[in-house]
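The structure under discussion appears below in the form of C-alpha cells.
The values are calculated or read from the model by the stated rules, or taken from the named source; none is laboratory data. These figures come from a predicted structure and were not determined experimentally. Here the Cβ positions follow ideal geometry from the backbone for every residue, glycine too, while neighbour counts run over all protein chains shown.
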Amino acid sequence: MEEWAVGVDLGRTKIALGLIDPQKRIVRHRRLPTNADAGAQSVVERIAQSVDELRHELPATARICGLGICTPGPVDHETGVVGEVHEMRGLHHAPLRAMLADRLGLPVSLDHDAKAAALGEYHYGAGRGEPAMVYVVVGTGVGAAIVVDGQVYRGVRNTAGEIGHITLNRDGALCPCGSRGCVETYTSGPWLARRYQHRCERAGIVETATAPATGESVTARARQGDPIALQVLYEAGQALGVAVASVAMILDIELFVVGGSVAKAGDLLLAPARRTLLEYSYRSVGTRVRILASEMGEDAPILGCGWMACERRP
C-alpha cells in the first residue's frame, strides 16, 4: 500500500489541511474555521471529519500512514499538549495529539507552527540539500526555527529561536515581552503599522483611510512609492539583517529563509536585510550567508506536518 499523510496547520482563525502523496505533493486542500472557543472536542471532531473526507479521495492502493498537526506556541511536542495560546482559550492545555489519535486511529505528531514550517521548507523548499537552515517567520510576531541535519534544534527547554527578541536598541520601544528595542518592534506587521502611523503624525500627514494601517497596507503603500512606507520597510529590513548577522555569527549557519505575512514584501524587506547583514558580521561570515524568501509559502507548515507524520511514527 502507498503511504500518504495528512498535514494540519491549526491557526488562531483557520485550520488548513492537506492530503500529501508519496511524492510529497499536496494533492487536496481543506480549509475550515478554527472556532477554538467551541472547545477542543469540537475542533478535533471537525478536523477528523475533514480527514475522513480526504480518506475517501485516496486511490485504492493507498492509505494514510499518519497525521501531523501544528499550532501557535506554546506547545509541548513531547506530551502533545497545547499551551495557553492567545485567542485560542478553548484549546488551552488540551491533549490534542491523544485526542486526534483516539478519534482517527492514526499516529499523530504535534509541534509548533514555526518549527513545522521550517521542516517543510528544509525538506521540500529552499532548504533542500542544505546541512542546516534557519527559518525566520515575520508576521504578527517574529520568531525562528533552527534545522540541523534535517532535525529541529530546540535548545535545553525547547525555546531556541527567539530571534524576534534580540535587542537592537536598549532605549527603544517597549516590546510586549517586557524588553525594549527588540527586532519585533521594527519588523512585525503590527509594528510596521505603528511606525508608519507615528511617522505620518510627525510629518503632519493626516490619514484619510477609513481603516487603520496594517502591515499589509504599509507594504502596499511602499509598492506604490509612498516614501514613509518605504522608509519603514527599509528600517524593518535593516533590523532583520542585524538579527540574521547575530545568529549567523553564533551558529555558523549560512542559509536563512524568511516566511510569514510580512515576508510577502519581498525585496522591499530582504534587500536591506542583505546589505545590513554584511555590516554587522565578519566579512568571512556575512559573505557566505544567504537570505532567501520562502519557496513554500503557506504550504510550508502543512508539508512539515506531513514530514512529521511519516518520520515520527512510533
Check: With respect to the numbered conditions (1) modelled with pLDDT of 95 or more; (2) farther than 22 Å from L174 by Cβ, which one is the sole condition not fulfilled by E207?
Finding: (1)
Check: Does G139 qualify as being under 22 Å from A265 (Cβ atoms) and at pLDDT below 95?
Finding: yes
Next item on the list: State all residues of the stretch 18-39 that are part of a strand (DSSP E or B) and not β-branched (V, I, T); if no residue qualifies, say none.
Entry: G18, L19, R28, H29, R30, R31, L32, P33
Item checked: Checking A60 against (1) assigned to a helix (DSSP H, G or I); (2) without any contact (Cβ under 8 Å) to a residue 24 or more places away in the chain, the condition it does not meet -> (1)
Note to self: Given the criterion within 9 Å of the chain's Cα centre (by Cα), of a type outside the set (D, E) and outside the structural domain of S246 (by TED's automatic domain parsing), identify the matching residue among A144, A117.
What the structure shows: A117
Next item on the list: State the number of residues belonging to the stretch 87-114 that are within 21 Å of the chain's Cα centre (by Cα), in contact (Cβ under 8 Å) with a residue 40 or more places away in the chain and in a loop (DSSP other than H, G, I, E, B).
Entry: 2
Notebook entry, point to check: In the stretch 230-284, which residues are at positive phi and either buried (at least 17 other Cβ atoms within 10 Å of the Cβ) or not assigned by TED's automatic domain parsing to the domain that holds G161 (or both)?
Noted result: G260
Next item on the list: Would you point out which residue out of V108, V27, V8 is touching an Asp or Glu at 6+ places or on another chain (Cβ under 7 Å) and at pLDDT 95 or above?
Entry: V27
Note to self: Contact list please: Cβ distance under 7 Å, first residue in the stretch 234-247 and under 14 Å from V138 (Cβ atoms), second residue small (G, A, S) and surrounded by 20 or more Cβ atoms within 10 Å (Cβ to Cβ), pairs at least six apart or on different chains.
What the structure shows: G237/A273; L240/A273; G241/A273; V244/A273
Checklist line | Residues located in the stretch 14-62, provided they are touching a Phe, Trp or Tyr at 6+ places or on another chain (Cβ under 7 Å) and at positive phi | finding: K24
